[in-house]
Amino acid sequence: MSRKTSKTSERGGRHSGGNAAVTPARIAVLVLAVLTLIFIFQNTRDTKIRILIPEVTVPLWTALLAMGIIGALCGAYFAYTRTRRR
């Protein structure tokens with residue numbers, strides 16, 4: 001007969017306990033989410049943006065969020081192409 005082993009004993013006796021829900025990464029994400037909400041609620045006034053010819057009026061936080069997303073996508077693209085060359 002074979003002896004059954006649990007997955008926790010195969011990993012060196014470690015197991016996920018009740019404290020696994022609170023990690024430094026999750027705390028950092030929570031803090032960033034709260035700061036994002038504070039930023040949004042403090043920057044609700046409208047601003048005019050001119051891109052080439054049309055002029056649009058949007059809340060300031062929307063314009064900054066759009067520029068942040070575009071910047072993140074550009075950074076991710078360049079990081080992807082750099083790692084792909086190697």
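Just so you know, all these numbers are worked out from the coordinates, no wet-lab data involved. Since the structure is predicted, the reported quantities are computational estimates derived from the model, not experimental observations. Because the Cβ atoms are built from the backbone with ideal geometry, glycine has one as well, and the counts that use them run over all protein chains shown.
Filter region 54-79 down to the residues that are surrounded by 10 or more Cβ atoms within 10 Å (Cβ to Cβ) and among the hydroxyl-bearing types (Ser, Thr, Tyr), then identify the one that is farthest from Thr44 (Cα to Cα).
Looking at residues that are surrounded by 10 or more Cβ atoms within 10 Å (Cβ to Cβ) and among the hydroxyl-bearing types (Ser, Thr, Tyr), I get Tyr77.
If you go through region 41-81, how many residues are of a type outside the set (Asp, Glu) and in contact (Cβ under 8 Å) with a residue 12 or more places away in the chain?
Counting residues in region 41-81 that are of a type outside the set (Asp, Glu) and in contact (Cβ under 8 Å) with a residue 12 or more places away in the chain gives 11.
What are the residues in region 68-86 that are part of a helix (DSSP H, G or I) and over 15 Å from the mean Cα position of the chain (by Cα), if any?
Once the filter is applied, which keeps residues that are part of a helix (DSSP H, G or I) and over 15 Å from the mean Cα position of the chain (by Cα), region 68-86 yields Cys74, Tyr77, Phe78, Ala79, Tyr80, Thr81, Arg82, Thr83, Arg84, Arg85.
State all residues of region 41-57 that are in contact with a strand residue (DSSP E or B) (Cβ under 6 Å, 6 or more places away or on another chain) and in a loop (DSSP other than H, G, I, E, B); if no residue qualifies, say none.
Thr44
Among all residue pairs at least 6 apart or on different chains, which show Cβ distances below 8 Å where the first residue, located in region 22-40, is touching a residue at least 12 places away in the same chain (Cβ under 8 Å) and the second is surrounded by 10 or more Cβ atoms within 10 Å (Cβ to Cβ) and part of a helix (DSSP H, G or I)?
Going by the 8 Å Cβ cut-off, the qualifying pairs are Phe39/Trp61; Ile40/Trp61.
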